[in-house]
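Worksheet: one structure, shown below.
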Amino acid sequence: MADPSSYRPKPGQIPDSPGVYKFRDEYRRVIYVGKAKNLRQRLANYFQDLAGLHPRTRTMVTTAASVEWTVVSTEVEALQLEYSWIKEYDPRFNVKYRDDKSYPYLAVTLNEEFPRVQVMRGAKRKGVRYFGPYGHAWAIRETVDLMLRVFPVRTCSAGVFKNAARSGRPCLLGYIGKCSAPCVGRVTPQEHRDLAEDFCDFMAGRTGTYIRRLEKDMTRAAEDMEYERAARLRDDAEALRRAMEKSAVVLADATDADLIAVAEDELEAAVQIFHVRGGRVRGQRGWVTDKVEAVDTAGLVEHALQQLYGEETGDSVPKEVLVPALPDVPEAVSQWLADRRGSHVSLRIPQRGDKKDLMGTVQRNAQQALALHKTKRASDLTTRSRALEEIAEALGLGSAPLRVECFDISHLQGDDVVASMVVFEDGLARKSEYRRFQIKGFEGQDDVRSMHEVIGRRFKRYLQEKERTGEWEEIRSPGVTGPVPAPDTAPAAEPSHSRDGSRQDEPREDGSPQDEPREDGSPQDGPREDESREDDGRPKRFAYPPQLVVVDGGQPQVAAAKRALDELGIDDIAVCGLAKRLEEVWLPDEDDPVVLPRSSEGLYLLQRIRDEAHRFAITYQRAKRAKRVRSSPLDDIAGLGETRKQALIKHFGSVRKLRQATIDEICEVPGIGRRTAESVAVALAGAAPPAPAVNTATGEIIDEDDGGSTS
């Protein structure tokens, strides 16, 4: 535990201007980020008598070993920089809100030639109009089904759309009038876009115009004795009314606003948000967080605003934000919101009327969410604690293994051999720490040898990190003489780095293996930029050791893992294996397995960890195999990245036509210079044409040019 006076800056060194400050621990990891309109006054609060500090603040300042700051011009800049640093460094003592689930949105892809209406989750994409979030995906689909009668916008996937365009026949929705069938040319691209924009206008709250238009057309059709058309228009208007009824009117003045409420106790806080558009509740979401820093309601509101609008722009930021308490510097937060929206944003506490009543409803939802979370967590925490205690007792550990790492090997008949590492902390999966490996030390199928290689590579990284930060010398036990690799010497089997800075041992979002060269053709064996800096402050990969290593397998795999640790001089990490046949737990140097009762919570937790490692390994192995099957002659051309490969295929239509093109024709592709064009021509001229692909279900040959088949 550090003494804050040992790193306290001299009073004259700290400026009295606005700024953002960072506390770092003894290993240069950033543990807390804060902002202040007067840095000198704010930082002085941290260096008073420890007895007068809040317990959480006291823990933070005694964990820290240094403090540094950055001066900014305005409080708005301080707010922006604080948000960026919290997102970048993920400090352990900052409040971080996390969604308890991925909320579904109703999305309209206005960035496509023929916009599509669909349900979307995850990160928002540029050029897509979003509505929501909604509590359930089925609620979105019910609303869309009603509205397609009036706004028959495309809802099909790209594959279905292309097949319909190729065959000249629309899908079922096109036949029953719930799609305008742009795939077969029933409407022009502009007419279809107008339908999509009308759909968006209705969802945005401008509902009266369309219903009045339908009612006027219905009356005119009835007067002209076009009764069937009048009946259809009547049903269309009724469908829109039913869609509107799914979100009741809560504010009579058609307000666009977000209402934020907070329920909290000493340890945790719950936040609930109601999204009101056009006076109707269009979406709801909520978070629960641990209060790891001393923060009041105003601080929680400010963190919630950063989480909500940090990545949003334009209309995604409403005109009005209603909160239970204003942040410490409301003018700066209001200006920050206005900058993101592009126009004025009102940030205030509702005092009377409908808005105050609705805020009370949101507050009750927050209180219920906190109570429900506590009920679930108490139950889960009890179960997890019992499971960890049973594992510790069965394996003879001195304490419960709070961090467990599990390894699994996956391959297909000896090809594409890969391994996975999953991490569970306090009985819960920590997916950000998952890693994946390619077996490089040898060819063929040998699970035992593969396990030895993977365990060795993982813990070599751990020792390198400890050596780099200086922690290894402090924790090295007397008498340990195992080798410690120098931090600048990468083992021969170490994975390389991809052009986006990630390692091959990491999961990539699309599941593809990370073994491509950079677009400029340079090798991927250089260190990451952030790994070459001593004072970076980001959490390092492989920096934290587990208390228990679990391997998927029996006695041979356990022996291999133990041997790898012994070779590195690591003797304070327990190892066990879980065999699938009888769910037996194997320990090193033991002839008989440990058999846990079938009803044991400890066995159930080990099974969940083992199954997660198996799932993660299988996913990577399949993605790696799929990429190998999809390989093309363009993959081996140095300096040709994925973007330019796609540009070439899009321009010529297929590798076959590209092979027939001249160098001058290849140079016509945007982004392709003459030297690259010559490399492409030479590579394709020397590559043998691939064997035709065969549809195994029908026996047909797949034509490379258009994806169709030939008899």
Exactly one of these conditions fails for residue 454: (1) closer than 23 Å to residue 569 by Cβ; (2) touching a helix residue (DSSP H, G or I) at 6+ places or on another chain (Cβ under 7 Å); (3) open to solvent by less than 10 Å² (accessible area, probe 1.4 Å); (4) aliphatic (A, V, I, L, M). Give me its number. (2)
Cross-chain or 6+ apart pairs with Cβ under 7 Å, the stretch 81-93 first and closer than 20 Å to residue 18 by Cβ, then polar (S, T, N, Q): 81/70; 83/306; 86/94
Tell me which residues, restricted to the stretch 569-616, are closer than 16 Å to residue 558 by Cα and among the charged types (D, E, K, R). 571, 572, 580, 581, 583, 584, 589, 590, 591, 592, 610
Please go through (1) part of a loop (DSSP other than H, G, I, E, B); (2) out of contact with any Ser or Thr (no Cβ under 7 Å at 6 or more places or on another chain); (3) closer than 23 Å to residue 36 by Cβ for residue 294 and return the number of the only condition it doesn't satisfy. (2)
Under 8 Å between Cβ atoms, which residue pairs at least 6 apart in sequence (or on different chains) link something in the stretch 339-358 that is part of a helix (DSSP H, G or I) with a partner that is open to solvent by 80 Å² or more (accessible area, probe 1.4 Å) and at pLDDT 85 or above? 341/319
Go through (1) closer than 30 Å to residue 7 by Cβ; (2) touching a strand residue (DSSP E or B) at 6+ places or on another chain (Cβ under 7 Å); (3) open to solvent by 30 Å² or more (accessible area, probe 1.4 Å) and name the single condition residue 74 misses. (2)
Does residue 619 fit the bill of being under 34 Å from the mean Cα position of the chain (by Cα), closer than 30 Å to residue 552 by Cβ and touching a residue at least 12 places away in the same chain (Cβ under 8 Å)? yes
What number of residues in the stretch 179-224 are open to solvent by less than 60 Å² (accessible area, probe 1.4 Å), in contact with a helix residue (DSSP H, G or I) (Cβ under 8 Å, 6 or more places away or on another chain) and over 18 Å from residue 131 (Cβ atoms)? 15
Any residue that is at pLDDT 85 or above and among the acidic types (Asp, Glu) - is there at least one of those in the stretch 352-370? no
Got at least one residue in the stretch 593-601 being over 28 Å from residue 441 (Cβ atoms), of a type in the set (Asp, Glu) and part of a helix (DSSP H, G or I)? yes
Considering only residues that are in contact (Cβ under 8 Å) with a residue 40 or more places away in the chain and open to solvent by 30 Å² or more (accessible area, probe 1.4 Å), which ones fall in the stretch 560-581? 563, 566, 567, 571, 572
Any idea which residue in the stretch 276-308 is surrounded by the most Cβ atoms within 10 Å (Cβ to Cβ), counting only those that are within 14 Å of residue 318 (Cα to Cα) and more than 23 Å from the chain's Cα centre (by Cα)? 276
Within the stretch 144-170, restricting attention to residues that are closer than 22 Å to residue 282 by Cα and of a type in the set (Val, Ile, Thr), which residue is surrounded by the fewest Cβ atoms within 10 Å (Cβ to Cβ)? 155
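The values are calculated or read from the model by the stated rules, or taken from the named source; none is laboratory data. In this text the structure is predicted, and so the values were computed from the model without any measurement. No Cβ is skipped: glycine too gets one built from the backbone with ideal geometry, and neighbour counts run over all protein chains shown. Keep in mind that these areas ignore ligands, DNA and RNA; they rest on the heavy atoms of the full protein, side chains included. Shrake-Rupley method; radii C 1.70, N 1.55, O 1.52, S 1.80 Å.
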